Amino acid sequence: MIKKLLSWLASPLGKIGLLILSLIVISGAVWGIGQTQTVPEQPIDFPHSLHVGLGVQCLYCHPGSLKGPVSGLPTQTKCWGCHQQIAKTKTSALLAPLVQAVENNQPIQWVPVAMVPDFVRYNHRPHIAAGLNCEDCHGDVSKMTVYENPQVLNMGWCLNCHVEQAGEDEEKLIRLTDCGTCHY
Amino acid sequence: MANLDKESAVSVNLTNPEEGKWGMVIDRDLCTGCQACVAACAMENNLAFVGEELSGNGRSMHWIRIERFWEGEYPEVKATPFEPTMCQQCGYAPCEPVCPAYATVHSQDQQLNLQVYNRCVGTRYCGNNCPYQVRSFNWFDYERPEPLNNQFNPDVTVRRRGVMEKCTFCIQRIKRAEDTARAEGREVADGEFAPACAQACPANAIVFGRVDKPETVVSQLAKQARGVKRLEELGTFPHVTYLKAG
């Protein structure tokens, strides 16, 4: 049985078959990896560049960063505060979902992009308190239309910065690289 | 990465493993065996509900249990006092060196035994080498029947099948208290927070705090003559002290 299969694989037809099979597997893998790298679609193509360019502070829409682990995403009430008075709101196709959400009083279901797995405990507060800027981790948001992570948020990225931040302070190094700081 | 022996730990002004940082005192005279701590722990730490049948097969999951033994020969038996038993957070923990994956490691920062769930591959060596038998293993992915699926604690990882787990001294509460204190530019005060079991205990039989500071309530209680450490002769340096019936 195995011998038969092997001799068939050695034949020209078998070689072509093998080639097609490996092409299918490789393209499947490439597509799969590609899927993890693309930005998911948001309910509203919210343009960060435009709003940050208007001078709106990050903390106006993401107020949690100063106080706790989670920054939070704005609800339609916050958008409506401005957009109620903006003429374009009624006409823009981009803003139709916002108008709908306000009229039906239903929350906008933003899709999370910046996130770490469930087994990691991340906290914004100590980072902002240590004087880091949002841009250090989230990239130049003022140039992004829809938010996109500038790098993968993996463990090496966290630890590189932690080791750098600790410098010569051994006590701080131990605290910032302890597994119990991020995993529990 | 930072890997320190005892001398260098002292030199960078950290608490040493023998003394520990966080500790607990459990008064056996006060414990009524009511199981409130067991329930509180399960709620706080997203413990799975194993069910009657699997528990009967010895696969129950608890981070804390009320232990009690019979002493003497029948019919002259006497029950020992209730002993809430959880991970003793040993200074030199037998579970740690046997892990082939470095998933159960000693926290230099908190002086606790950590279980890094995502690192764990489920060999169960640690559980077998634990003299206190306080580790539990996720044999399956367990169901959370309605409405219990709504009460997950977001500060604690939900463990998957094939992972060992155990009491953490509610490290999520330790971390939150330290974070709040740092934000306010102060030290964590004694008694500012407590693990779920100590908080739930109606008899105040469980006291928690810093054992490396002599003025805290735990340190004072642990120094009493009634205090014993369990299986101390093994040299594990447990950080839980039991006050025996006096």
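The ellipsoid equivalent to the alpha-carbon distribution of chain B has semi-axes of 26, 24, 20 angstrom, derived from the gyration tensor eigenvalues as √(5λ) and listed largest first. Per-residue shielding of B:94-106, expressed as the average number of other chain Cβ atoms within 10 Å of the residue Cβ, stands at 1.
Of the chymotrypsin sites (Phe, Trp or Tyr not before Pro) found in the range B:120-220, those that fall in a DSSP loop while having at most 14 other beta-carbon atoms within 10 Å are B:Phe140, B:Phe152.
Under 19 Å of direct C-alpha separation, and excluding same-chain neighbours fewer than eight residues apart, B:Lys229 reaches these aspartates and glutamates: B:Glu18, B:Glu19, B:Asp27, B:Asp29, B:Glu67, B:Glu83, B:Asp212. Normalising the average separation of contacting C-alpha pairs (under 8 angstrom, six or more residues apart) by the number of residues puts the relative contact order of chain B at 29 percent. Of the peptides B:84-90, A:8-14, A:170-176, the order by per-residue mean of other Cβ atoms within 10 Å, starting with the highest, comes out as B:84-90, A:170-176, A:8-14. Stretching B:Glu143 away from B:Arg226 to a fully extended chain increases their span by 25.6 nm, per 0.36 nm per residue minus the current alpha-carbon distance. Kirkwood radius and radius of gyration were both taken over the C-alpha atoms of chain A, and their ratio Rg/Rh is 1.16.
Applying 1/(1 + (r/R0)^6) with R0 = 30 Å to the Cβ-Cβ distance of B:Val188 and A:Asn154 gives a FRET efficiency near 0.45. With the convex hull of its Cα atoms as the shape, the range B:99-219 has an orientation-averaged projected area of 9.8 nm². Measuring only protein heavy atoms, the 1.4 Å probe finds B:Ser107 accessible over about 0 Å².
Apply the Kirkwood formula to the range A:79-121: the hydrodynamic radius equals the inverse of the mean of 1/r over all pairs of different alpha-carbon atoms; give it in Å with one decimal.
Mean inverse Cα-Cα distance, inverted, gives 12.5 Å.
Candidate membrane-span-like segments in chain A, meaning DSSP H helices with Cα atoms spread over at least 27 Å of their own axis and a Kyte-Doolittle mean of -1.0 or above, are A:12-37, with no membrane implied.
Other protein chain C-beta atoms within 10 Å of residue C-beta, averaged over B:113-122: 3.
Calculated from DSSP H runs of 4 or more alone, at -39500 (n - 2.57) each and per residue, what is the 222 nm mean residue ellipticity of chain B, nearest 500? Don't skip to the answer; put the middle values down first.
Values: 7 runs with 49 residues, N = 246.
After summing the helix terms and dividing by the residues of chain B, the value is -5000 deg cm²/dmol.
When the Cα atoms of the range A:14-71 are aligned to their principal axes, the ranges along those axes come out at 63, 27, 17 Å in descending order. Taking every residue in A:169-179 and counting other chain Cβ atoms within 10 Å of its Cβ, the average works out to 6. Across all directions, the average flat footprint of the convex hull enclosing the Cα atoms of the protein assembly as shown is 33.0 nm².
Net charge around B:Gln89, counting only other residues with Cβ within less than 10 Å of its Cβ (Lys, Arg = +1; Asp, Glu = -1)? Here the count lands on +2.
The values are calculated or read from the model by the stated rules, or taken from the named source; none is laboratory data. Quantities reported herein were computed from a predicted structural model and do not represent experimental measurements. Glycine also receives a Cβ, built like all others from the backbone with ideal geometry; neighbour counts cover every protein chain displayed. Note: areas computed on protein heavy atoms with side chains; ligands, DNA, RNA excluded. Shrake-Rupley method; radii C 1.70, N 1.55, O 1.52, S 1.80 Å.
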